[in-house]
Amino acid sequence: MRLHYIIPVLFSVLALVWIYTAIELYGLWDEGPAGGFMPTIAASVLLIFSIMSLCKTEHSIISHHIAELTPVAIVIAMLGITQLTGMIPAIMIVLLGWVKYIADYSWRKSISISAGVTLTIWLIFSQWLNVPFPTGLV
């Protein structure tokens, strides 16, 4: 098996496991969407894109650059920051870093954007929808 097939094949298997688990454990539909409805849709989209990636690799050579892993590294860093500071401050820190260093905005604009987005997320999810956010050690 060629190296560029490994990730799409792994994601395809992972998507199939998610679909099976979501349907079997949480159900798909019970007088409305059940707990497994959204995971099934997300896993189905992952499966479709993985299959498309497998078909695409047949006709082209894929080259990767280490900079493509930056969003993955940022998400992993956010998971670590969330454990320490909680979800809302972690969102603000990650957005600030992303807007400042990846999008290359000024500090003033970066702080404004990250504060505005964080406030919007907090207002919608915490205040309006009453979704509890993880709290950190701090």
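The values are calculated or read from the model by the stated rules, or taken from the named source; none is laboratory data. Owing to the predicted nature of the structure, the values given are computational and were not obtained by experimental measurement. Heads up, the Cβs are rebuilt from the backbone with ideal geometry, glycines too, and the neighbour counts pull from every protein chain shown.
Selection of the stretch 12-39 for residues being over 18 Å from M52 (Cα atoms) and polar (S, T, N, Q) yields only T21.
Do we have A43 as over 30 Å from G136 (Cα atoms), modelled with pLDDT of 85 or more, within 19 Å of the chain's Cα centre (by Cα) and surrounded by 14 or more Cβ atoms within 10 Å (Cβ to Cβ) here? Give the steps one after another, and end with the answer.
On the way: over 30 Å from G136 (Cα atoms): no; modelled with pLDDT of 85 or more: yes; within 19 Å of the chain's Cα centre (by Cα): yes; surrounded by 14 or more Cβ atoms within 10 Å (Cβ to Cβ): yes.
Taking the combined requirement at face value, the residue does not satisfy it.
If you go through the stretch 90-112 and keep only what is surrounded by 11 or more Cβ atoms within 10 Å (Cβ to Cβ) and either over 20 Å from T70 (Cα atoms) or among the charged types (D, E, K, R) (or both), you end up with K100, K109, I111, S112. For I81, the requirement of being of a type in the set (V, I, T), part of a helix (DSSP H, G or I) and modelled with pLDDT of 85 or more is met.
Yes/no per residue for (1) at pLDDT 90 or above; (2) acidic (D, E); (3) in the same structural domain as V9 (by TED's automatic domain parsing):
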| site | (1), (2), (3) |
| --- | --- |
| G27 | no, no, yes |
| G32 | no, no, yes |
| M38 | no, no, yes |
| I76 | no, no, no |
| I91 | yes, no, no |
| G97 | no, no, no |
| W122 | yes, no, no |
| P134 | no, no, no |
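Residues considered: S114, S126. Of these, the only one that is hydroxyl-bearing (S, T, Y), closer than 25 Å to V72 by Cβ and assigned to a helix (DSSP H, G or I) is S114.
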